[in-house]
Every structure is written in C-alpha cells, then in structure tokens.
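Written below as structure tokens is the structure these notes are about.
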Amino acid sequence: MAQGIYVASAEAQTDKAIVVLGMMELLWHQTQKVGFFRPIIKDEEDRDPMIHLVKSRYNLKFPYDDMYGFTHDIARDMIAADRYDEFQKLIIEKYKKLEAQCDVVLVAGTDFTGVTTPLEFDFNVDVANNLNCVMIPVARGFGRNLTDISEAVTALVESLEKRKCDILAIVVNRVSTDLVIDAAVRLKSAAPAGVPIYAIAENAGLWKPTICEIAKEINAKFLSGQDGCLHREVTDYKVAAMRLANFLDHVKEGTVVITPGDRDDITIGSILADLSTTYPRIGGLILSGGFKPSPQIQKLIDGFAKDVVPILSVEGDTFSTAVKVSQVEGTLQPENPRKIETALGLFEAGVDVQELKDRLAVSKPSRLTPLMFEYSLIQQAKANKQHIVLPEGEEPRILRATELLMLRQVCDITLLGNPEKIKAKIAELGLKIEKINIIDPTTSEFRKEYGEAYYEARKHKGVTPEMAYDTMADPSYFGTMMVFKGQADGMVSGSINTTQHTIRPSLEFVKTKPGVNIVSSVFLMCMPDRVLVFGDCAVNPNPDEKQLADIAVSSADTAAAFGIEPRVAMLSYSTGSSGKGKDVDKVIEATKLAKAARPDLKIEGPLQFDAAIDPEVASVKLPNSEVAGKATVFIFPDLNTGNNTYKAVQRSANAVAIGPILQGLNKPVNDLSRGCTVADILNTVVITAIQAQFDKK
C-alpha cells in the first residue's frame, strides 16, 4: 500500500500551495511513482489549479479525473442530505484507485471556499484518517504576531490529538519576515513530542494575481495583450473616474485600471503610461459596461507592439467589477516559473527537508478507521467472489442490500422464496436487480436430493425420509443445505427469523471444524482508529476451560481472516499472578490449552482489560509481554461479561459493532438481528464471503 501524506489548511488564508509544491518536489526526487489527489475540487468545468500545477510540472501521467474525488456541489448536497459517511466512502474508493498505482500519494485538502467552512478542518481530518495518511496541517501566520500564532498552533495541536491524527510536521505559513526566526524557536514547545514545526516567511508577491487570472474570475474578454497576460502581476487596482492628467498621478507599478469603456482618454493614457519609461508599468486595463474602444482607437491599439498592455472588456458596471477584482487571489501556475521558484525557495528556507525525509522513512500509520475497514472488506470480498444464499428473499431490507451487493459486484447472490412475490417486491421498491438467481424451496428440483442428505445426517435422531423432505421446504434448512452441499459458499439469515431458527440447521448437519468443539461468536469492534475483535459475546453463557481455549483459537483465526494481526488477550479480573480464585484459574488453564493447541499464536492471560489495551498500564502490570498493551483479540470469560462489555464500548466509545459473526462451523453461516439495517445486512454478507474465502484456503 502506498504511503499517503495529507496537507490540510487549518483555517482560511494559509495558502498551503507552497507546502504542497515543496512536498511534491521532495517526493519527486525520492520516487517517480508519486500520485497527487484532491478530495474535493471547485467544479468539473474548470481545471483545478493545484492539480494543473502538479500534473504539468511533474509530468504525471494519471488521467485528470483520477486525481480528484468530487466537486463542491456533490459534497454539499451529500453532506446536507446526512450522507456524510457515504461521501467519505466514495472518496476512499476514488483514492484507492490512484493509490494502487503509486509508491506515495500527496493529498491536498480543501480550500475553505464554502462547502462546509465552519467544520472544514474536521472534514479534512476525517478524510486523512480514512485514507490512512500522515498529516501536515498548515496554520496561518499572515496578520498575526507571535502570541497569536502560538495560541493558534496550541489549539490546532489539541484538536489533532483529540482526533488521534498521525502528524508528520506542522507548518505555519506566511509568517512576517521579521518574526520567522523567533517563531520557529518559540513554537517548538507547542508541538507534540517529536513532531517538528516550521515557519515559512511571507512573500506578498506570490499571492498577487496575474491579469489573466483576473480575466478568468470576472469573466472578461480580451481585446488585446492576451499573449503577455500570464506574467503581468497585479499589485493594486484603481477606478479611473477623474480627468486623465489627475489620474496618472495615482498609477503605480502593477496597477490594474478599471474604467468605463467609453472613456477613450483613459484608455489611450493608460497605454501610453505603460509604454513610457517615465511612468510605472500598469498591470492591465479593464473596460466596464460592455463598451469597446471606438474603431479609431482600436486601430491605434492594433498598431502598437505585441506586448501592449492587456485590455479587457466586461459587461458589468465599474463598481461591481472593482469589487470582483478585489476578491481575486493569485495562484501558483506552471506557466509562471518565477513564482514557482520563489515558492520553493521559501519552503526550503523554512523547512528542514532532510528532517522531513527521515520522518517519512519511519512514518507508517497503522490506523484502521471503520470506513477504511469496511472498504477493505468489500475489496477483499470482490477479489475472489463467493456465492451467498439469503433465505429471506421476500424481505425488503434483504432486497435493498442485495441491490447494493450486486451493484458493487461483491458476491453472487441466491434468494430463496416465491419468485413471483420476490420480483413483485423488487418492482414495488424500484430496485435495479437483474439476472438474480431465485429458488423456491417448495418446488426446487434439489428438494428431494437435499431431503435425502438431511435424512442421512439425522436418521439417528429419528428423522424419517418424509420428515426430511418436508423440512427442506423451510428456507433456512434449504439454504443451509445449499452451503453443506457446496452449491453456495455461505448463508446469511435472521432479519425476520430467530437466531435459533437460523443456527439450528448448521448445528444439525454442517457441524464444527475438525479440532473445534464449540460454535462461538465474535464482534468486530470498529473504533475511531482501529478494529478489535471481542469474543464470545453472543452464544456461550459460561464456557469451561477447553471451550474458552477453542473460542480463543477460533477468534484468532477470524481476526486473521479479516486482516487483523491476532494478539489474543484472555481476560480476567486480575493480571498475571496478581489474583486468585476459580474464575482466574479457569482463564489460566484456558490460556495453557490455547497455547498448546496453537503455539504459533500470541496468547497472553490472565489479563485485565486495561492491561490488555493500554501500553502504559501494561508496562507496569505485565512488562515485556507480546500481547499486553497491544492486544487485538479480547476473549471474555463468560457471556455476561462479554455481552455487557461490547455494548458498553459500542455506546460509550461510539464504536461500530459488526456481528455477531459465528465461528467454528465447517461452512460459514451468520445470523442477523431482527432489527438489522440494510448496512448491517451488507456487512454481514461481505464478512460471510470472506469467511468462505478463508475456509477454502
């Protein structure tokens, strides 16, 4: 996976383009497989200036559309419609497409231009975390003294630490030149331990627009001088309303003159002033009101050299044009190498480039947010498509989830139920489900075969052939038999059926895996920055030592199947040898049995929860442990403890709990809550598909 670096403005007017350009220069000299990505751009009609700069200067071969997520309009609409998480997922999906082609990706955050401005930095932090990027937040130095800058950086650091961001460095940009040295020294104490903080000096000229940029922003038409507009920087603007002789005294170097288009005297005077060696060179001339020079004046203009002052025409009045011009800010463009070299010089003067290179070599964030985890699960499921059967084919939530699964091509689906009723329900819901496999167990050609298989498996329990045939009319039994016979890879049910009705068929003839004596469950607990595995929190009320060891081993395998390195903590009310009692003894014995069964696993017990999850507590209670302080799999001693703990963590830590996921069966079958959402169904199907992949290995 490529390394990601996210440059984000902490507020408006930071002009982070300097930092983006400097980082791109640094990365480009380390590897040619550098990608560039923006989560949001202004619109699709005009190319994004930052993408244009980076793509052109570094000759990036990626298609332009692959280098951004979505437009401001889409972002605003989705966030307003309370689809924030869905929007984040879409950004992840676009980013991952680019990431797959790169060694490193530089991401430039949003521009504080009105999408979600009050919460824009929070949005960028969420995107950075979900893309697993290290961050370079950029604070504003412009217009601030040292005290103001220090207070802003302190608040920024507090915010980032609360959000558990991985920070590569902090940059304060546009610091007054007389404060840069003092700022770099004073701000070190405000940064987190080990995180460098840099101050980059202000250069007002960098952010002065060219007349060409102004023309684009105010929708002006060039009447002349377009060829030289890219390098004509505008330092000021003046409205010419007085007589020419008086007006000329107010012209300065780089001034753009705004005047009604019928003022031929101002037009001629401005052109002559620009050509004269006794007056400053002006930035351009904007003629308002939609007027154009008279034919005679235009003929005069056409007779000058090609580098004549740029003359623009706008439809609006003089006042509104002046307001628009005052709001235009300059950008770094590949066509203006002087600005680019100035920006790089400022970056390299304020930033310790070698220090950044050294930090990049070791800055590998291991964060796993819930949205990242969900994305990785879907990609894992898609990589080797499995066939999942859904017995509750007439349930609307099942059908909605089926549509999403098929649209994303996650797995193959078979629905069980009456085909006519299912198709009618699909039409009623307005879903796009085409070429779906539907089987009615009551009329299926497989019912007889399945009945015979069930009879053979359960005849010792008094099941007759007739009873077996009748049983196969039940969708739960029919779907489970499809899995048992290898005609489906897994089954998900329980949205309208009880847990007992869903699981019983599996216990009757799918049975447990060799060496496993008990069916158990885990929840995948998606915390803000990682995913933990909790087991058993749903099935076994009071497992004995051997059963607890089985649960630990099964849970470790489940963790591995979902890309989580298993470090198993056997939980108790004491750590190590600090406590006594039969409950502690049970955990001690279960730990020994689990280690003996799977010496390849990292298993530690007994451990208290704090010693299992907190490195500082672990260093005191159980130092030098491979598990304490960094556990990923938590095995609870009984259902009472496990069920209450997972719900407490879910509610108090705002965690996403995915599950219960059944484990220990020969083939994957999973149960849904009858209150499940469409998202719950989708996640459970994806998980079942991955379990099927893992079992086949």
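Since every read-out is calculated from the coordinates, none of them should be taken as a lab result. Quick caveat: nothing in here was measured; it's all calculated off a predicted structure. With ideal geometry, Cβ positions are generated from the backbone for all residues, glycine too; neighbour counts draw on all protein chains shown.
The percentage of C-alpha pairs in segment 520-664 whose separation is greater than 24 Å is 20%.
Converting phi to 3J(HN,Hα) with the Karplus coefficients 6.51, -1.76 and 1.60 and the offset θ = phi - 60°, segment 542-559 yields 8, x, 7, 4, 5, 5, 5, 5, 4, 4, 4, 5, 4, 5, 5, 5, 4, 4 Hz in sequence order, with x at every glycine or proline.
Phi angles across segment 284-290 convert, under the Karplus curve 6.51 cos²θ - 1.76 cosθ + 1.60 with θ = phi - 60°, into 3J(HN,Hα) values of x, 10, 10, 9, 8, x, x Hz, Gly and Pro given as x.
Averaging Cα coordinates gives a centre for segment 457-535 and one for segment 47-74; these two points are 49 Å apart.
When the alpha carbon gyration tensor of segment 278-378 is reduced to an equivalent ellipsoid, the three semi-axes, largest first, read 50, 23, 13 Å. Averaging 1/r across all pairs of distinct Cα atoms in segment 12-67 and inverting the result yields a Kirkwood radius of 12.1 Å.
In terms of overall dimensions, segment 361-465 has a Cα radius of gyration and Dmax of 19.4, 68 angstrom.
The string of couplings for segment 590-600 from the Karplus curve (6.51, -1.76, 1.60, θ = phi - 60°) is 5, 5, 4, 5, 5, 5, 5, 6, 9, x, 6 Hz, one whole number per residue in order, with x for Gly and Pro.
Only one residue of GLY261, SER224, GLN296 has its Cα farthest out toward the positive end of the dipole of segment 209-329, where Lys and Arg carry +1 and Asp and Glu -1 on Cβ, and that residue is GLN296. Considering segment 446-504 at the alpha-carbon level, its Rg and Dmax are found to be 11.3, 32 Å. Entry note, the chain: relative contact order of 11 percent, from Cα contacts under 8 Å with a spacing of 6+ residues.
Using +1 at the Cβ of each Lys and Arg and -1 at the Cβ of each Asp and Glu in segment 372-510, identify which of MET467, ILE426, LEU407 lies farthest towards the dipole's positive end. Farthest towards the positive end: LEU407. Each distinct pair of alpha carbons in segment 142-229 adds a 1/r term; the inverse of their mean, the Kirkwood radius, is 15.6 Å.
Under 5 Å from the amide H of ILE286 lie the amide H atoms of VAL257, ILE258, THR259, LEU312, each residue being 5 or more positions distant or on a separate chain, with H modelled from the backbone and absent for Pro and chain starts.
Relative to the dominant Cα principal axis of the chain, helix 396-407 is inclined by about 60°. Identify, among PHE121, GLY605, ALA75, the residue whose Cα sits farthest towards the positive end of the charge dipole of the chain, taking +1 on the Cβ of Lys and Arg and -1 on the Cβ of Asp and Glu, with the dipole about the Cα centre. Towards the positive end, the residue furthest out is GLY605.
Taking the Kirkwood radius as Rh and the Cα radius of gyration as Rg, the chain has a ratio of Rg/Rh equal to 1.11.
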